[in-house]
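Visitor: Here it is, the structure in full.
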Amino acid sequence: MHEDGSLNLAQVPPLINHMLQCGLSGLYVLGSTGEGVSLTSQERRQTAEAFVAAADHRIAVAIQVGHNSLREARALAAHAQQIGADAFSAVAPSYFKLSSLESLADCMAEVAGGAPKLPFYYYHIPVMTGLGIDMARFLPLAAERIENLVGAKFTAPQIDMLQACVQLDDGRFDMLFGMDEMLLAGLAVGACGAVGTTYSFAAPLYHRVVNAFASGDLATARRWQATAVQMIRTVQAFPNQVFKSVMKMVGVDCGPVRLPLVCLSDADQQRLRGELESIGFFDWALAAEGPRQSTWPE
């Protein structure tokens, strides 16, 4: 974004180049970190178009289309299919509370029907939606109504529920884990990939976790996961939205956040840089190590 909060889509190509250089295999566009819910529908369309065009088939692009208006979400899904996105996803409507798994499945069927040719991922993030549902019950139910449902972005700490989802119908559902601080635990129970905020600026760190796990070197995987936890605890200690500040520190200026989010003060940005330097962030966050499993930055 520009300083006035308007879209700065000229920054999309360098952002994608950064992601490619970090060895990522997909982009999850207009999710929580991308402030999708704070944009107008027209801005969301413009942003989706910019990412699909700049990706140019070099990296997969999934568009998050969730909206409190299901008709608007369905139209955004249709737009994602029209512009050539690789997949789409939707968070549940959250203002009017859903009363049952059946009603949630009906809502997601309405949205997913807008792009029947694209793979659809339900976006499970109860900390934001208030829907602490049993995903292992929801996915089979939803699959009866949604032919293009392939899995979920699972952003919740319930590892037992994630494992139950992974094991449904001999691994039918593609489960992408959304808890960066718990990536290793997600891999251990069978998550096939990950979508998260901090992959945007520290993907090589997480590749070390993934690669060590894949090699059976659990001691190394735990050590790098502990480093990730230390990094996340460092940035989350600041009171306002910190992630774009970190992106700028690694060479990709994404501009400010839009209200109701609030940017870090100049003093806090300086303090953040100092704390990241003290834990060695700039030594290991950008030191490339190739991926062996998918990580999608949000």
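Visitor: Which value at 222 nm does the chain reach when only helices count, each DSSP H run of 4 or more adding -39,500 (n - 2.57), with the total divided by all residues and rounded to the nearest 500 deg cm²/dmol?
Guide: The helix-only estimate for the chain comes to -14000 deg cm²/dmol at 222 nm.
Visitor: Less than 12 Å Cβ to Cβ from residue 185, Lys/Arg counted +1 and Asp/Glu -1: what total charge do the surrounding residues give?
Guide: -2
Visitor: Right, something else. Whole Å is fine, so just give me how far the alpha carbon centre of the range 169-246 lies from that of the range 42-101.
Guide: 24 Å
Visitor: Let me ask something else. Kirkwood hydrodynamic radius, the range 39-135, all distinct C-alpha pairs: what's the number in Å?
Guide: In the range 39-135 this quantity evaluates to 13.7 Å.
Visitor: Starting from the Cα gyration tensor of the chain, multiply each eigenvalue by 5, take the square root, and state the resulting semi-axes largest first in whole Å.
Guide: Gyration-tensor ellipsoid for the chain: 29, 24, 18 Å.
Visitor: Follow-up question, since we're still on this one. Using only protein heavy atoms and a 1.4 Å probe, report how much of residue 165 is accessible, in Å² to the nearest 10.
Guide: It works out to around 0 Å².
Visitor: Now for a separate question. Can you give the net charge of the other residues whose Cβ lies under 11 Å from the Cβ of residue 141, counting K and R as +1 and D and E as -1?
Guide: Local charge sum for residue 141: -2.
Visitor: If amide hydrogens are placed 1.01 Å from N in the peptide plane, which non-local residues have theirs closer than 5 Å to the one on residue 194?
Guide: 177, 295, 296
Visitor: Taking the Cβ of residue 157 as the centre, find all other residues whose Cβ is under 12 Å away and add up their charges (Lys, Arg: +1; Asp, Glu: -1).
Guide: Result for the local shell: -3.
Visitor: Tell me the relative contact order for the chain as a rounded percent, counting alpha carbon contacts under 8 Å between residues six or more apart.
Guide: 20 percent
Visitor: May I pose another question? State in Å² the accessible area per residue of the chain; use a 1.4 Å probe, count heavy atoms of protein chains only, and round to the nearest integer.
Guide: Counting only protein heavy atoms, the per-residue value for the chain is 43 Å².
Visitor: Based on the Cβ-Cβ distance from residue 266 to residue 185, what FRET efficiency comes out when R0 is 45 Å, to the nearest 0.05?
Guide: The calculated FRET efficiency here is 0.75.
Visitor: By how many nm would the segment from residue 2 to residue 97 grow when fully extended, if each residue of separation counts as 0.36 nm and the alpha-carbon distance is taken off?
Guide: Value of the extension gain: 30.7 nm.
Visitor: Shifting gears a bit: What do you get for chymotrypsin sites (Phe, Trp or Tyr not before Pro) in the range 60-142 restricted to DSSP loop and a cutoff of at most 11 other Cβ within 10 Å of the site's Cβ?
Guide: Sparse-neighbourhood loop chymotrypsin sites (Phe, Trp or Tyr not before Pro): 95, 96.
Visitor: Let me ask another. For labels at residue 259 and residue 145 in the simple 7 Å Cα→Cβ model, what's the distance in nm?
Guide: About 3.7 nm, to one decimal.
The values are calculated or read from the model by the stated rules, or taken from the named source; none is laboratory data. Note that the structure is a prediction, hence the values are computed from the model and not measured. Because the Cβ atoms are built from the backbone with ideal geometry, glycine has one as well, and the counts that use them run over all protein chains shown. Areas reflect the complete protein model, heavy atoms only, side chains present, ligands, DNA and RNA absent. Shrake-Rupley method; radii C 1.70, N 1.55, O 1.52, S 1.80 Å.
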